[in-house]
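Beneath this line is the structure, given in structure tokens, with notes to follow.
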Amino acid sequence: MRFAFTEDQLLFTSAVADLLADKYPAERVRAAWDTPTEAPDDRSVWQQLADMGVVGLLAPESTGGMGLGALDLHGLLVESGRVAMTEPIVETAAVAVPVLAAAGHSALASVIAGEQTVAVGFADDPVVRVDTDLLLLEHGGTWYLAETAAVTATPQTSVDGSRRLASIEWTPTPGHALPGDIAAARDRAIVAQSAQLVGLARHLLDETVAYVQVREQFGKPVGAQQAIKHKLADVLLAVDYAGPMVARAAHSIDEGDPDASVHASMAKCSAADAAKLAVRHGLQSHGAIAYTVEYDLHMWMKRVWALAAQWGTSAEHRDRVRQHLGL
Amino acid sequence: MDLTWNADEDQFRSEVRTWLAENVPAEPLPSGDTEVGFRLHQQWEKTLFDSRYSVVSWPEQYGGRGASLWQWLIFEEEYYRAGAPQRVSQNGIFLLAPILFEFGTEAQKQRYLLPMAEGIEQWGQGWSEPNAGSDLAGIKSHATKVDGGWRVNGQKTWTTRGAFCTHLFGLFRTDPDQERHRGLTYLMTPLDADGVTVRGVARLDGDEGFAEVFFEDAFVSDDDVLGGVDEGWAVAMATTSSERGLTLRSPGRFVAAVERLRGLAARYPEAVDARIADAITQAWIDAQAYQVSTLRTVTKMLDGESVGAESSLNKIFWSEMDVRIHEIALELLGARGELIDDSPDAVDAGGWMKGFQFALSGPIYAGTNEIQRNIVSERVLGLPRR
Ligand SMILES: Cc1cc2nc3c(=O)[nH]c(=O)nc-3n(C[C@H](O)[C@H](O)[C@H](O)COP(=O)(O)OP(=O)(O)OC[C@H]3O[C@@H](n4cnc5c(N)ncnc54)[C@H](O)[C@@H]3O)c2cc1C
């Protein structure tokens, strides 16, 4: 029994964290807000992540990937959440790459190389992100790979202005079908999304802790007020207990644990609830300054609102757990 | 990450499980916070001891098995899973013993550990006083140096099961000129000593689980000073993190409580609406979260990292989870929930209401949750003290 990340996992995570600290300032997220209709023109960070092996991390080494698992990806995803990365790392690295690899699809090489990105959609929800080159679309329990440019897209506006969404219309072509386990891909997505939410929550908490120490009212930092302290302690409590749940779920996926789906659901509601609390208390502890789009925090808040409901809401995931418990 | 148990650990688990199945009393014992129940629990502690299950993690010479922290966790899981009796020895074995191991002299260890493991000597924790609760450093009970020892005067209060205990450990002011955290000393004393008077006090549930302890010129020998004179604060703080953290309330206890709650839901399916089902699910998730987080904590401890102020997060988590578990049970029981003791229609002999009342003390004892949130925000998050 040992619940800790390996030296390699920690090193890899810190390498990605360093890259993002350098290359992913808030201005980058803001830039994505400012050009809401265009796909990102600056692919340099994505390229560097691909060069480091992050994008192809889950693909077997024989296909040019790193042959690693969900737990190896975990720390990187947390970091991507911390900086509110807009690129489709969850969709491409955690969901699509293993699907393409398992299917032996020819697009895999260019995806791993960082030349093409992939978003994911399901037939029962026509709204997908369309800032990618390719779309992995579920229809009737089968995956299809389509070129994003080839589907009819009606733009939709997200509360998170950096998300480029559209409802799409497309007809599945048998020639584009890929074999693949949809449920397993969903579980990977749920856990990856949870990791990002943990990162988002940590950033919101860190920013808030920093702010309340410098903002003074009544002659002292507002962070010296117990009402503020206790709110932030509650955020830490939620985040600190969600983190291990997410890591455990990733481990269960790697181990093929029969309860991996249940662990994924627990991870998702814990992480989403923690992130939403971080938004709530983060905003409240900042006061009006965080209630303006001129202050960066709103981008993290809105990302949380958007992502907390992706891949199933907390209520849906608790319901999956409820069914597992036979309640 | 390796979340599997090795063959030794599996073997240990199955031994523990078998032993508990054969030895746990079929009928629950009366509350250990009553005179009659306490004595029965004390006998149970002796039964545990005789099979070397009372203090599994201690060295063999003191009645333990030298079990690893992992084995200790397994033991706790099995213990609560089996519905085994409340541990009336807890304040000795979980709160005093770690201090004895860390700060005690060889003679003190020889003198006190074995009878504690056997359950023959039972210890009360004498920290709180009428005017020193959260503000523990406000302690007024004092000990004055005399030949060969100390003359003690003052009052302790809220001493758990003090009316049934044989001994007390606690903090006393030994240097009256020093203020607050300074000049305190950790002392141990038998409760039947001259000048010591114990008065039992009924707790919220009516059981005599509290006591007030009065000292009037009681003598405590130099041999019973634990750690250095005037260094009691540091000694006391060394236990708080084990108390709030792992040892006092291991995950097994809450995993088992949620399983009992699921059992209750299965027995009264008509009372389980969607809201209650959702609440039970969340409670189950919380217990899982505590379990998973504990695996992380134990790994850290085994790696030699200190857990420190983070143990305050634990304390908040388990105590508030415990309240929720019992609130859900009472909600589920509806009007039957108020029936206690031997009422013919009481469910589980009113155990859920009793458990609820006890759960409500969780956010108060071992440092209130307000104090824990202060600690988390100041020492973990680094917010200004004032
Ligand atoms: C079941 C039970 C068993 C116990 N067993 C023992 C025992 O065996 N030995 C022993 O020594 N003690 C024991 N205690 C006592 C326990 O340690 C104290 O109750 C606890 O430390 C709180 O002190 P108090 O009750 O005096 O509350 P107070 O300190 O008077 O606090 C009252 C309220 O004010 C709040 N408060 C106080 N200071 C602050 C602050 N700085 N910031 C925010 N809020 C604050 C508290 O959180 C609480 O809500 C036990 C208590 C209970 C309930």
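Each reported figure results from applying straightforward, stated rules to the coordinates on display, with no laboratory input. Worth saying up front: this structure is predicted, and the values here are computed from it rather than measured. All Cβ positions, glycine included, derive from the backbone under ideal geometry; neighbour counts span all protein chains shown.
Quick notes
- Spacing of the two label points (7 Å from each Cα toward its C-beta) at A:Gln323 and B:Asp348, in nm: 2.8
- Rounded to the nearest whole Hz, the Karplus-based 3J(HN,Hα) values (6.51 cos²θ - 1.76 cosθ + 1.60, θ = phi - 60°) of the stretch A:258-265 follow the sequence x, 9, 4, 5, 5, 5, 5, 5, with x at glycine and proline.
- Tensor-based shape of the stretch A:1-124 (alpha-carbon gyration tensor, a/c under 1.5 rounded, otherwise prolate or oblate): oblate
- Shape class of the stretch A:80-136 from the alpha-carbon gyration tensor: oblate, with a/c at 1.5 or above and b/c at least as large as a/b.
- Amide proton proximity set for A:Phe122, modelled H, under 5 Å, gap of 5+: A:Glu138
- Calculated FRET efficiency, A:Ser62 to A:Asp42, Cβ-Cβ distance, R0 = 30 Å: about 0.40 to the nearest 0.05.
- Amide H contacts under 5 Å for B:Gly209, placed H, 5+ residues apart: B:Arg203
- Taking other C-beta atoms within 10 angstrom as a stand-in for reagent exposure, A:Met52, B:Met188 fall in the order A:Met52, B:Met188, fewest first.
- Distance (nanometres) between label positions extended 7 Å along Cα→Cβ at B:Asn131 and A:Ala315: 5.4
- Förster radius 35 Å - calculated FRET efficiency between B:Glu338 and B:Arg180 (Cβ-Cβ, nearest 0.05): 0.20
- Legend: calculated FRET efficiency, B:Gln61 to B:Glu305, from the Cβ-Cβ distance at R0 = 25 Å, rounded to 0.05, equals 0.35.
- Dipole magnitude of the stretch B:74-140 about its Cα centre (Cβ charges: Lys, Arg +1; Asp, Glu -1), debye to nearest 20: 140
- 3J(HN,Hα) along the stretch B:161-170: 6, x, 5, 10, 7, 9, 9, 9, 10, x Hz, from the Karplus curve 6.51 cos²θ - 1.76 cosθ + 1.60 with θ = phi - 60°, whole Hz, x for Gly and Pro.
- Percentage relative contact order, the stretch B:123-233, counting C-alpha pairs under 8 Å, at least six apart: 31
- Note on chain A: with a GNM built from Cα contacts shorter than 10 Å, the maximum mean-square fluctuation among A:Val293, A:Val120, A:Val54 falls on A:Val293.
- Net charge of neighbours whose Cβ lies under 11 Å from the Cβ of A:Ala21, counting Lys and Arg as +1 and Asp and Glu as -1: -1
- Near B:Gln61, once Lys and Arg are set to +1 and Asp and Glu to -1 for all other residues with Cβ below 13 Å from its Cβ, the sum equals +1.
- Comparing A:Ser14, A:Ser261, A:Ser80 in a Gaussian network model of chain A where C-alpha atoms under 10 Å apart are linked, the largest mean-square fluctuation is found at A:Ser14.
- Remark: the stretch A:136-269 carries a charge dipole of roughly 600 debye about the Cα centre, counting +1 on each Lys and Arg Cβ and -1 on each Asp and Glu Cβ.
- Among B:Ile340, B:Ile74, B:Ile280, the residue with the largest mean-square fluctuation in a Gaussian network model of chain B, with springs joining Cα atoms closer than 10 Å, is B:Ile340.
- For the stretch A:145-154, backbone phi angles converted through the Karplus equation (6.51, -1.76, 1.60; θ = phi - 60°) give residue-by-residue couplings of 10, 10, 7, 4, 5, 8, 9, 7, 10, 10 Hz, Gly and Pro being listed as x.
- Rounded, prolate or oblate (a/c below 1.5 giving rounded, otherwise prolate when a/b exceeds b/c) for the stretch B:123-233 by Cα gyration tensor: oblate
- For the pair B:Tyr268 and B:Thr4, label points projected 7 Å from Cα toward Cβ lie 4.2 nm apart.
- Charge dipole magnitude, Cβ of K and R +1, D and E -1 - chain B, Cα centre, debye nearest 20: 660
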